[in-house]
Each structure stands twice: as structure tokens, then as C-alpha cells.
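The values are calculated or read from the model by the stated rules, or taken from the named source; none is laboratory data. This is a predicted model, so every value here is computed, not measured. Every residue, glycine among them, receives a Cβ derived from its backbone with ideal geometry; neighbour counts consider all protein chains shown. Heads up: the accessible areas ignore ligands, DNA and RNA and are worked out on the full protein's heavy atoms, side chains in. Shrake-Rupley method; radii C 1.70, N 1.55, O 1.52, S 1.80 Å.
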Number of protein chains: 2
Amino acid sequence: MSEKNKIRMQLQCPMPKLEFDVITLGHGSGGVLTNKLLDSGVFDLLSNEILDERHDGAFIELNGKTAFSTDSFLVSPIFFPGGNIGELAINGTINDLAMCGATPKYLSLSFIIEEGLPVKEFWDILVAIKFACEKAGVQVVTGDTKVVEKGKGDKIFINTSGVGPIHPRANISAKNIAIGDKIIISGNIASHGMAIMSVREGLEFDSEIESDTTNLNHSIIKLIEEFGESIHLLTDPTRGGVATVLKEIAQSSEIGIDLSQRDFPIDEQVASACELLGLDPLYVANEGLFIAFVSASKADALLAVLQQDENGKNARIIGRVVEEHPKQVIMESNIGGKRVISMLPGEQLPRIC
Amino acid sequence: MSEKNKIRMQLQCPMPKLEFDVITLGHGSGGVLTNKLLDSGVFDLLSNEILDERHDGAFIELNGKTAFSTDSFLVSPIFFPGGNIGELAINGTINDLAMCGATPKYLSLSFIIEEGLPVKEFWDILVAIKFACEKAGVQVVTGDTKVVEKGKGDKIFINTSGVGPIHPRANISAKNIAIGDKIIISGNIASHGMAIMSVREGLEFDSEIESDTTNLNHSIIKLIEEFGESIHLLTDPTRGGVATVLKEIAQSSEIGIDLSQRDFPIDEQVASACELLGLDPLYVANEGLFIAFVSASKADALLAVLQQDENGKNARIIGRVVEEHPKQVIMESNIGGKRVISMLPGEQLPRIC
């Protein structure tokens with residue numbers, strides 16, 4: 001999110017006057033303080049008919065094949081260039097649903113707050129959540145707020161779960177991957193991870209590296225409507241990066257994958273930051289990025305459509321599924337050598353999402 | 001859960017031999033170690049066709065009116081008399097769905113683990129989760145495992161979210177509450193909170209106070225099948241206890257509630273423990289308990305059925321909805337005096353669920 005967008009959002013949503021400046025244990029007790037927090041106007045940001053019922057669960061309507069996904073977000077720091085933990089949590093679950101070929105519709109939102117979190121920070125997170133929901137066209141319909149003692153958490157953790165109907169033309173499954181499938185990536189790699197790392201390491205660049213966190217659902221549905229079952233698999237390379245995700249798929253589906261390093265799109269500044277920190281961008285987390293396995297005959301057409309999309313301007317074909325070397329991912333380097341790609345071995349970047 | 005049950009469960013589920021004794025940061029990285037944990041056999045406990053797909057989300061089928069709920073569980077200690085955080089997390093969300101008049105069907109399961117958690121403890125939690133799911137007839141279909149640094153969490157937090165179809169005869173809404181409705185409680189109050197507090201305070205009794213954590217869905221559905229829309233509202237008095245929940249309902253629905261203290265069922269030992277610690281059992285958390293607002297004409301019949309149920313042996317009518325004193329809950333004490341019931345004021349029992 002650009003600085004301008006952030007300011008616009010904050011101007012549209014002035015924080016209500018509250019009797020308290022920080023979140024305390026009592027706000028998670030279920031008693032008077034929890035109700036004060038719920039009634040403070042803070043949660044009015046997310047108001048909708050279903051959520052406002054305030055029952056133990058939400059009443060929704062779903063018909064037919066549905067995707068259901070969950071993720072907990074513990075990114076540190078909670079505010080970073082390009083966004084904060086709030087929109088990350090919304091976009092993350094939205095994108096997991098989109099990777100199933102679903103239209104994300106209803107989300108749950110659960111906070112675990114460390115006591116002492118300034119209400120202003122909580123507010124800024126909620127504002128980001130509100131706008132992320134609006135952009136994606138989803139509603140938060142049920143939630144939970146718990147508080148832990150100082151030193152038993154880290155500012156705020158957020159869990160989102162979500163459901164949405166699977167598009168009738170979608171048929172996404174690793175079982176559909178076929179020899180010859182082209183592997184398409186929707187944009188520049190490694191931006192989210194390097195945005196977080198730049199803050200942690202205090203790196204400064206000509207212009208700030210921003211997280212790519214965004215909702216991919218509209219872009220995905222457009223592709224499914226046009227290309228239907230020619231899209232065999234969709235996945236978003238978050239934790240562990242592109243390399244880990246592709247290696248996992250190769251292993252579990254027992255296919256071979258050939259990649260070409262020169263085809264990987266990466267922002268120059270992100271590439272420099274990776275080099276500076278000795279990180280391989282193939283293993284760095286992404287948030288607003290997806291990988292599609294597409295039947296060879298439709299790949300070029302799909303790529304052309306994707307490149308017209310705001311989330312696909314830098315999309316490229318980065319590889320293909322091959323009969324040789326099942327379970328192996330092999331990358332041809334810029335200078336022609338070949339390298340076997342393995343999973344992220346350890347804990348390169350903890351708390352990245 | 002009795003000691004005997006616990007031993008039976010552990011015998012049925014011997015832990016696989018693992019290369020690691022404790023959960024480390026790398027197990028949450030999304031890379032090799034995460035995959036080692038996923039492939040270690042630990043998660044095989046929860047295996048089912050949908051979960052085993054291991055996609056970014058689960059593919060499920062839902063038709064019509066659906067309930068959707070979420071809760072994060074941070075109970076401390078994570079093992080307590082009568083259960084552990086695993087079954088608490090499963091039963092908690094199952095019961096929230098049941099309170100909507102739904103049959104819980106699919107759950108998501110998300111772990112936030114503090115590095116250093118012994119794998120044996122994680123295993124015991126998963127075993128409890130497995131048996132709680134089987135008892136309730138639900139499946140875990142999607143999940144997430146994240147790890148935080150030592151001192152940034154507290155052993156393990158669990159989020160569960162769930163969905164399930166609403167029973168066609170259910171019509172649960174605070175809007176349906178009517179003057180004259182009887183208020184029924186399904187059993188003894190304050191057991192869960194006092195089981196936790198006894199451990200924290202090192203209290204010892206003749207026989208151990210056990211948490212009442214259990215799944216209420218089968219009991220609720222049976223009542224809905226028989227009494228349909230005569231059941232106006234269902235709610236489970238967890239955090240904040242019976243008093244807070246009833247006061248919330250009185251306030252938001254602008255009704256008066258009269259309670260009779262002598263009708264409240266409570267285990268003698270739990271009552272003594274409350275007295276010893278200076279806690280009012282009306283404010284102590286429950287887990288396997290529900291409150292029903294039932295039309296006056298059906299209340300006695302419903303109570304009779306409920307008292308035949310394993311979760312309703314101690315069920316009682318504890319009060320009624322009155323026209324007088326809207327928004328107020330008034331309790332007649334054992335000796336005839338009247339007392340105005342307010343919400344739990346502060347943080348009586350943090351981290352109780």
C-alpha cells in the first residue's frame with residue numbers, strides 16, 4: 001500500500017474517542033471491558049448485517065461446492081512497507097480460497113492480542129482490514145478477540161478463515177497436472193519477504209521495497225471464466241517461496257519440473273537486497289503472487305490475458321512439466337548451467353507472514 | 001475426560017518415532033522442516049480424504065443455510081483435569097455452531113506454537129483433538145501450523161473455525177425471545193473455570209474438579225428435532241459465565257430476566273472451591289453447558305427430555321423473561337433477597353479458554 005493510500009484510508013476513518021489507550025487483559029475476559037471494546041465503535045468499521053447479529057456464530061447461505069481455508073498471521077513487524085498484518089491476514093485467506101478456484105465470500109477474524117497494544121495500532125490494523133475486505137468483495141461475519149499477558153504473545157496475531165463457492169468452470173487439482181503443462185508466474189518474486197527483511201535489517205534503498213500483499217481473487221476468477229479447466233493447478237508461493245512450493249508439487253505429484261532462471265521476473269532493487277543479505281529470491285516469501293499450471297495449448301493465450309491484469313503485468317512462463325526426472329525441480333541458470341532445486345532447508349525467514 | 005479415558009486414548013495412538021523432540025522455528029517456515037513435521041505421521045491422526053489433499057484450502061460441499069464460527073484458545077495450563085487445549089478447541093467451536101442450531105461438520109485447525117514445545121505434548125493434544133472430532137462427528141479439513149520464538153507465545157494457541165448446515169427446524173435468534181420464556185440451563189455451573197483455577201492455585205480436594213468440556217451438538221440437535229422453533233435462543237456461557245451472558249442478552253434484546261439462585265445446579269465441591277477463592281460461580285467460565293430460552297408452554301417438556309440426555313442430567317429451569325425491568329437481570333437469593341446482576345467487571349480469570 002502506498003503512503004498516499006494509507007493517508008486516504010486514515011482520513012476516511014477517524015478513530016472514535018475511547019476511554020482507554022491500550023488493550024488490557026480485561027478486554028479479552030468476555031465481561032464488561034470486552035463489551036466496552038465491542039461497543040466502542042472500533043468494530044463498527046467492519047459492520048454488516050450478519051456480523052452485527054453478534055451470535056456465537058454467523059448465519060450464512062452457501063450452495064454447492066465450497067472452498068474452506070484458514071491461516072494464522074504472526075508477521076513481525078506488524079507494520080511494514082506496503083501494508084500491515086491486518087490486510088495481510090485478509091488477503092492471505094482470500095488468496096488461499098482463490099487458489100481453490102473459489103470466490104471468497106465470508107471470513108472469520110480472530111485476534112490474539114498481547115496486553116499493552118496501543119488502541120491506535122489496533123485501529124490502523126482494522127482500517128486496513130476494512131479496505132482489504134471491500135477491495136476483495138468479502139465480509140467479515142464472525143470473530144473473536146482474546147488477550148494474553150505481556151510476554152506471552154507479540155503485539156497481535158490474527159487468524160482468518162474463509163469460505164466461498166467454487167466457480168463452476170474451475171477444476172483445480174494437482175491430479176490434473178499433465179506432462180507438457182506450462183508453469184506461469186503472475187509477477188515479480190520476493191517482494192513481500194524483502195520488504196519485511198529490509199525493515200528488520202534497517203536497509204535503505206533509493207525507493208522503499210514494498211510488500212506485494214493484495215487480493216488475487218478477481219484476477220483468478222477472470223482467468224477461470226475464460227480458461228476453465230485448462231488451468232490445472234493454482235498455488236501461491238508464500239512461506240518458503242517459489243522454490244519450496246514447486247518442489248512440494250513435484251514431489252507429491254511425482255512430476256518433473258524444468259525452470260529457466262532467466263525467465264523469473266524480479267524487481268532490480270529486490271534482487272540487490274537479496275544479494276546484500278545473501279538470500280536466494282527463489283526461497284523468499286511472496287503474498288500477492290500466484291503460480292498456475294496450464295495446459296500447453298492455452299498457456300500463451302492465458303499469459304496474454306494475465307498481462308493485461310493489474311496483478312499480472314509482469315507475468316511470465318517460467319517453466320514446464322517434464323517426463324524426465326520425476327519429483328525433481330531443475331533450473332537452468334542464466335549462464336546455462338543446471339541446478340537441482342530443493343526446499344527451503346531451515347528457518348530462513350521466521351515470522352514472515 | 002477421566003484418567004481411564006485418557007489412558008485408553010494414548011494406548012490406541014502410540015506416537016510415531018520422530019527425528020526431533022521439540023518443535024522448532026523451522027517447523028513453521030514452510031520448508032523442509034514443516035514438511036518433515038507434516039510427513040512425520042503426527043498429522044496422520046486426523047487423516048481424511050479432504051484434509052489429505054493438502055491444497056491451500058479444502059473442497060467441501062454445503063447446501064443452504066449454514067453456520068460459521070471461529071474461536072482462538074489460549075487456556076493456561078494447556079493440560080488440566082478433564083482435558084487439554086486440543087479438545088477444548090474442538091468442542092468450543094462445535095458448541096458455538098450448535099448454539100446456532102447447526103450440525104457442525106467441517107473444522108479448520110490452526111496452531112501457533114512457541115518454539116520448544118515438546119513433540120510429546122503436541123501429540124497428546126492431537127490425540128485429544130482426534131477423539132473429540134470422532135465423538136462429535138466432525139472432520140478437520142484444513143489447517144495451518146506456525147511457530148513463534150521462545151517468549152513470543154505461550155506453549156500453544158489453537159484457532160478452530162467451523163461450518164455446518166443449520167437444522168431445518170431451527171429458528172434461533174435473540175429476536176424470538178418472548179415475555180414468559182423459561183430459561184433452562186443444561187447442567188452444573190462453574191466446573192471448567194474451577195478445574196483450571198484449582199490447578200493454578202494448587203488446590204486439592206477429595207476428588208479432582210474436572211472441566212466439563214464436551215461436545216453439545218448431538219444433545220442440541222435432538223432437542224431441535226423435537227421442539228423446533230419453541231427454542232428461541234441457545235447460548236453457551238463460556239468466558240464471563242452465566243451472569244455475563246444473561247446480562248448481555250437482557251441488554252441487547254431489551255428484556256428483563258428474573259433468576260432464582262436456589263435453582264442453579266452446582267457441584268458441591270465446585271461451590272466450596274469458589275468460596276475458598278472468593279469467586280462467584282455465576283461469573284466462572286463453563287465449556288460443556290448451554291442455556292436455552294424456551295417458550296413457556298414447552299419448557300417443562302423440553303426439560304424432561306433434556307434430563308434424559310447425558311449432557312442434561314442436572315438441567316434445571318433457572319429463570320424467566322419478564323416485562324418488568326427491561327435490560328436488567330435480577331436474582332432472588334437463597335434467603336429471599338433480590339440482587340441486580342451485572343457483567344463480569346474486569347479480568348476475573350484470564351486465559352480460561
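Candidates in region A:297-345 are the residues that are over 21 Å from the mean Cα position of the chain (by Cα), within 14 Å of chain B (Cβ to nearest Cβ) and part of a loop (DSSP other than H, G, I, E, B); of these, the one that is modelled with the lowest pLDDT is A:Pro345.
Under the condition of being at pLDDT 95 or above, closer than 17 Å to A:Val322 by Cα and of a type in the set (S, T, N, Q), the residues counted in region A:252-293 number 2. Of all residues in region B:57-73, those satisfying the criterion of being among the hydrophobic types (A, V, I, L, M, F, W, C) and either facing chain A (nearest Cβ under 7 Å) or surrounded by fewer than 19 Cβ atoms within 10 Å (Cβ to Cβ) (or both) are B:Ala58, B:Phe59, B:Ile60, B:Leu62, B:Ala67, B:Phe68.
When B:Leu117 is tested against (1) within 22 Å of B:Gly151 (Cα to Cα); (2) more than 10 Å from chain A (Cβ to nearest Cβ); (3) in contact with a helix residue (DSSP H, G or I) (Cβ under 8 Å, 6 or more places away or on another chain); (4) not charged (D, E, K, R), exactly one condition is not met: (3).
Provide a single number: the residues in region B:127-144 that are in contact with a Gly (Cβ under 8 Å, 6 or more places away or on another chain) and either facing another protein chain (nearest Cβ under 9 Å) or farther than 14 Å from B:Ser110 by Cα (or both). Selection size over region B:127-144: 5.
Going residue by residue through region B:3-11, is there one that turns out to be open to solvent by 10 Å² or more (accessible area, probe 1.4 Å), under 23 Å from B:Thr145 (Cβ atoms) and either within 14 Å of chain A (Cβ to nearest Cβ) or among the aromatic types (Phe, Trp, Tyr) (or both)? Within region B:3-11, not a single residue is open to solvent by 10 Å² or more (accessible area, probe 1.4 Å), under 23 Å from B:Thr145 (Cβ atoms) and either within 14 Å of chain A (Cβ to nearest Cβ) or among the aromatic types (Phe, Trp, Tyr) (or both). Given the structure, is B:Ile209 in contact (Cβ under 8 Å) with a residue 40 or more places away in the chain, open to solvent by less than 60 Å² (accessible area, probe 1.4 Å) and part of a loop (DSSP other than H, G, I, E, B)? Against the criterion (in contact (Cβ under 8 Å) with a residue 40 or more places away in the chain, open to solvent by less than 60 Å² (accessible area, probe 1.4 Å) and part of a loop (DSSP other than H, G, I, E, B)), B:Ile209 qualifies. Taken over region B:74-107, the criterion of being under 16 Å from the mean Cα position of the chain (by Cα), facing chain A (nearest Cβ under 8 Å) and assigned to a strand (DSSP E or B) is satisfied by B:Ala102 alone. Within the set B:Ala273, B:Ala292, B:Ala285, the sole residue that is part of a loop (DSSP other than H, G, I, E, B), of a type outside the set (Asp, Glu) and open to solvent by less than 10 Å² (accessible area, probe 1.4 Å) turns out to be B:Ala285.
Does A:Cys100 satisfy being at pLDDT 95 or above and within 13 Å of A:Val163 (Cβ to Cβ)? Yes: the conditions hold for A:Cys100.
Considering region A:30-56, the residues that are polar (S, T, N, Q) and in contact (Cβ under 8 Å) with a residue 24 or more places away in the chain include one that is surrounded by the fewest Cβ atoms within 10 Å (Cβ to Cβ), namely A:Asn48.
There is at least one residue in region A:309-318 that is closer than 28 Å to B:Lys36 by Cα and in contact with an Asp or Glu (Cβ under 6 Å, 6 or more places away or on another chain).
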